[in-house]
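Peer 1: Take a look at this one; I'll ask things after.
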Amino acid sequence: MIAADRRRLASARFEVVSDARARRLMRTALVAVLAVVALAASLRLVADGAAVADERARLQRDNSALRAELARLEAELELERATHAGLDAQAGKLNEQVAELERQLAFVNAQRARTHAAAPSN
């Protein structure tokens, strides 16, 4: 019987027959795989989009805080510059007073020296 089966199989024509059911099953499996991949990709995009939105909101908050700090420091710097200019002006006036007082002192010293020089000759 085995020999007869072998002969029958060896002499039989080989035909390639398309199997519609197998193709349909293969297409269904492919569509399912593609749908799962698309779903996973869309979930990833949604998650990334949420992360990007969170990061953007955080960066905007940081930016606002930095702008406020910059405004405060600029105001402080302007105050320091005004104070420095006022102190420079005051130092200039004081230097002028010192110079005037030094001139007056030199004059008084000169007068005193003349008075002392004239006194011994009397």
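Please treat every number below as a calculation from the coordinates, not as lab data. The shown structure was predicted, so the numbers you read here are calculated from the model rather than taken from an experiment. Neighbour counts are summed over all protein chains in view; Cβ atoms, including those assigned to glycine, are modelled from backbone coordinates with ideal geometry.
Peer 1: What full-extension length gain, to one decimal in nm, is calculated for LEU94 and ALA75 as 0.36 nm per residue of separation minus the Cα-Cα distance?
Peer 2: Working: separation 19, 0.36 × 19 = 6.84 nm, distance 2.84 nm.
The span from LEU94 to ALA75 would gain 4.0 nm if fully extended.
Peer 1: Rounded to the nearest 10 degrees, what's the angle between the helix 2-11 long axis and the longest principal axis of the chain, both from Cα atoms, 0 to 90?
Peer 2: Approximately 70 degrees, to the nearest ten.
Peer 1: Could you pull out the trypsin sites (Lys or Arg not before Pro) across the stretch 1-75 that fall in loop regions by DSSP (anything but H, G, I, E, B) with no more than 14 other Cβ atoms inside 10 Å?
Peer 2: Numbers: sites: ARG6, ARG7, ARG8, ARG13, ARG21, ARG23, ARG24, ARG27, ARG44, ARG56, ARG58, ARG61, ARG67, ARG72; in loops: ARG13.
Answer in residue order: ARG13.
Peer 1: Put a dot 7 Å past each Cα toward the Cβ at LEU66 and VAL33; how far apart are the dots in nm?
Peer 2: Using points 7 Å along Cα→Cβ, the separation is 4.7 nm.
Peer 1: Calculate how steeply helix 20-118 sits against the longest principal axis of the alpha-carbon atoms of the chain, using the helix alpha-carbon long axis, and give the answer as 0 to 90 degrees to the nearest 10.
Peer 2: 10
Peer 1: While we're on this one: Binning at 10 angstrom from zero up to the longest distance, how are the C-alpha pair distances of the chain distributed in percent?
Peer 2: Taking every Cα pair in the chain, the percentages come to 9, 10, 10, 9, 9, 8, 7, 7, 6, 6, 5, 4, 3, 3, 2, 1, 1, 0.
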